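Novice: Take this structure, written in structure tokens, and hold onto it; I'll ask about it next.
The values are calculated or read from the model by the stated rules, or taken from the named source; none is laboratory data. Owing to the predicted nature of the structure, the values given are computational and were not obtained by experimental measurement. Please note: Cβ atoms are built from the backbone with ideal geometry, for glycine as well, and neighbour counts cover all protein chains shown. Ligands, DNA and RNA are excluded from the accessible area calculation, which covers all protein heavy atoms including side chains. Shrake-Rupley method; radii C 1.70, N 1.55, O 1.52, S 1.80 Å.
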Number of protein chains: 2
Amino acid sequence: MEAPCVFCRIIAEQLPAKVIEETNDLLVIQDISPKAPVHWLIMPKKHVADIQGLGEEDTALSASMVLMAKKLSEKLPGKKSFRLVVNNGHEAGQRVFHLHFHFLAGTQMEP
Amino acid sequence: MEAPCVFCRIIAEQLPAKVIEETNDLLVIQDISPKAPVHWLIMPKKHVADIQGLGEEDTALSASMVLMAKKLSEKLPGKKSFRLVVNNGHEAGQRVFHLHFHFLAGTQMEP
């Protein structure tokens, strides 16, 4: 049997994670290897490997990931600046093949 | 009078840009200072400053920016990996305050 996706296991509460936000469709967790003072991962609860895996039926889901970033920004102190990053595909640095948006904040970032 | 937003001027065809894709709601242009072999900017035609400027009425627009990345990936050779980045707010490197998603591809990128 193929090992289940690590993010699917977190979503199923078979693996622990620090949950930042949760909706019917999305889970937001703390990155276990943070690259910035704030480093959260926004992911759909249903398994979608990457952006190419989103279909016509995923319009609301696609929007919800972007609008979740707006909601998360309200948790930030000060100017509420953040960077949103999707590493899509192995050559772009994707290592877990369950779609996730990195939400990064808390340091001055170069353009 | 306040100077109009540079991206609004491009959208109004008052300034030149290399257009990669266009829909009713979105324009995709070549970045004039590319950071990767492929560096395109996905932007809404209507003026929205940043992700915080997206409202409840912008669900379809929010989804369309994500799904445009899927469409753009079809133009890439090979493995079709890409990175999607939003620098949201001055401290995150945003310099043009008209929402845009950077679509980057063509080099091996670190995770």
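Novice: Please enumerate the residues belonging to the range B:20-55 that are farther than 23 Å from A:E91 by Cα and part of a loop (DSSP other than H, G, I, E, B).
Specialist: Residues satisfying the conditions are B:T23, B:N24, B:D25, B:I32, B:K45, B:K46, B:H47, B:V48, B:A49, B:D50, B:L54, B:G55.
Novice: Condition first: farther than 20 Å from B:S81 by Cα and β-branched (V, I, T). Now tell me which residues in the range A:14-65 satisfy that.
Specialist: Answer for the range A:14-65, where residues must be farther than 20 Å from B:S81 by Cα and β-branched (V, I, T): A:V19, A:I20, A:T23, A:V28, A:I29, A:I32, A:V38, A:T59.
Novice: Sort out which residues of the range A:56-111 are of a type in the set (A, V, I, L, M, F, W, C), under 13 Å from B:V66 (Cα atoms) and in a loop (DSSP other than H, G, I, E, B), and write them in order of number.
Specialist: Matches in the range A:56-111: A:L99 only.
Novice: From the list B:K80, B:K45, B:K70, pick out the single residue that is modelled with pLDDT under 95, touching a helix residue (DSSP H, G or I) at 6+ places or on another chain (Cβ under 8 Å), open to solvent by 20 Å² or more (accessible area, probe 1.4 Å) and basic (K, R).
Specialist: Just a single option satisfies the conditions, and that option is B:K80.
Novice: Looking at the range B:83-103, which of its residues are open to solvent by less than 10 Å² (accessible area, probe 1.4 Å) and free of Cβ contacts under 8 Å to residues at least 12 places away in the same chain?
Specialist: B:A92, B:G93 - these are the residues of the range B:83-103 that are open to solvent by less than 10 Å² (accessible area, probe 1.4 Å) and free of Cβ contacts under 8 Å to residues at least 12 places away in the same chain.
Novice: A follow-up question, please. Filter the range B:75-94 for residues that are under 27 Å from B:A12 (Cα atoms) and either under 13 Å from the mean Cα position of the chain (by Cα) or more than 7 Å from chain A (Cβ to nearest Cβ) (or both) and give the result.
Specialist: Those that are under 27 Å from B:A12 (Cα atoms) and either under 13 Å from the mean Cα position of the chain (by Cα) or more than 7 Å from chain A (Cβ to nearest Cβ) (or both): B:K75, B:L84, B:V85, B:V86, B:N87, B:N88, B:Q94.
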